[in-house]
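See structure below.
Each value in this text was obtained by applying a stated rule to the coordinates, not by laboratory testing. Computed from a predicted model, the values in this text were never measured in an experiment. Every residue, glycine among them, receives a Cβ derived from its backbone with ideal geometry; neighbour counts consider all protein chains shown.
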Amino acid sequence: MVLEVEIERAEAIATAGQIGYKENMSESASGRFEVADSVIYQSVQDEIVLLNLESQQYFGLDSVGADVWRLLLQNGTVDGIVAGMKAVYNAEESVLRSDVGTLLADLTGAGLLREVAGTASAC
């Protein structure tokens with residue numbers, strides 16, 4: 001039951017607009033992000049399950065959020081993630097940039113990601 005609740009909560013994180021949008025995230029378009037040291041993750045079918053070892057909270061990303069996660073692992077930059085999403089999804093770049101920025105802000109706020117030193121601050 002606890003796992004289900006945490007995954008449901010994390011699905012809200014993965015759904016852009018469900019949790020507060022941090023406007024300045026989209027302004028750090030060339031920002032570089034990496035997975036926090038306390039986080040482990042696993043692909044489960046077309047989704048990603050994450051565990052923050054510090055907080056002991058599970059999070060889940062739906063298939064679109066999982067695509068963002070995979071692109072983040074490949075290059076770590078907002079620009080790279082947006083370019084990868086644009087190649088797969090039929091959406092305007094501004095919409096993708098906003099949605100990716102929202103997800104990265106939410107994941108950073110949950111302690112799952114951190115912005116690499118030397119880039120613009122996300123908060």
For this session: Between the alpha-carbon centers of the stretch 99-117 and the stretch 29-75, tell me the distance in whole angstrom.
Result: 10
Seminar exercise, completed: Note on the stretch 33-123: alpha-carbon gyration tensor, axes a ≥ b ≥ c; rule is a/c under 1.5 for rounded, else prolate if a/b larger than b/c, else oblate; result oblate
Seminar exercise, completed: Within the under-15-Å Cβ sphere about S43, not counting S43, Lys/Arg +1 and Asp/Glu -1 give a net charge of -3
Problem set entry | For R70, R97, order by how many other beta-carbon atoms lie within 10 Å, fewest first | R70, R97
Exercise. What ranking do 101-113, 40-52 get when scored by the average of other Cβ atoms within 10 Å per residue, highest first?
Worked result: 101-113, 40-52
For this session: Counting other beta carbons within 10 Å of each Cβ, put D62, D99, D37, D67 in order, fewest first.
Result: D37, D62, D67, D99
Seminar exercise, completed: With the dipole of the stretch 45-93 defined by +1 on each Lys or Arg Cβ and -1 on each Asp or Glu Cβ, the option from Q45, L73, A87 whose Cα lies farthest towards the positive pole is L73
